[in-house]
1. Just give me the residues in the stretch 1-28 being part of a helix (DSSP H, G or I), of a type in the set (Ser, Thr, Tyr) and farther than 13 Å from Arg52 by Cα, in sequence order.
2. Could we say that Gln62 is polar (S, T, N, Q), in a helix (DSSP H, G or I) and at pLDDT 85 or above here?
3. So in the stretch 124-156, with the set limited to residues that are closer than 21 Å to His103 by Cα and polar (S, T, N, Q), which one is surrounded by the most Cβ atoms within 10 Å (Cβ to Cβ)?
4. Sort through Thr84, Thr57 and tell me the only one that's of a type in the set (S, T, N, Q), surrounded by 10 or more Cβ atoms within 10 Å (Cβ to Cβ) and at pLDDT 65 or above.
Amino acid sequence: MDRSELIAQIPGLRRYARVLTSDAWAADDLVQDTLERACSKWCLWIAGSNLRAWLFTLMHNQFINQVRHSARQSSTGRMVDMETVNDELIAADPGLDMALDLHRCLMRLPQDQRAVLLLVSLEDMSYEEVAKVTGVPVGTVMSRLSRARSRLRELMESSPERAAAAPGMNSKQVLHRLK
């Protein structure tokens, strides 16, 4: 295994992690955890098999484990009153409205649908590769993808910010990129 093959997968892992976590710092941590796990489990990778699918599977499983762990730990979190920190909140750049709106809509999709949609549309993975990464049958991948596209279309078309967000781009153009 050439080190450059592993390094070539990092941008895709970062994109997928960023969408899964919706936080740049958490995404970088997830990629780091994934790469550490890959290094420690290197003997499990079969030479000649799909390195990309193996790494994305490791990341997917790592993310699921983190979500389960944080759900167990959520009772120890601290609630913050929004009124007390209102002065510290920074408004987003108005030019980012369409991207933020799309992000909000993506985050409203169930995690399993969002993962399939992003792996197929953003990472150009085949249904078979996505099935291997997520550990579900190909038919389930196709079903989740169809439901995710339909739901995202509904959310984008019903979004009140959509009309004012980007005068030169409508939701159909955004959704076309996801097909």
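1. Thr21
2. Values: polar (S, T, N, Q): yes; in a helix (DSSP H, G or I): yes; at pLDDT 85 or above: yes.
For Gln62, the condition - polar (S, T, N, Q), in a helix (DSSP H, G or I) and at pLDDT 85 or above - is met.
3. Among them, the one singled out is Ser146.
4. Going through Thr84, Thr57 in turn, the sole match is Thr57.
The values are calculated or read from the model by the stated rules, or taken from the named source; none is laboratory data. Since the model is a prediction, treat every value here as computed from it, not as a measurement. Cβ sites come from the backbone with ideal geometry, for glycine too, and all protein chains shown count toward neighbours.
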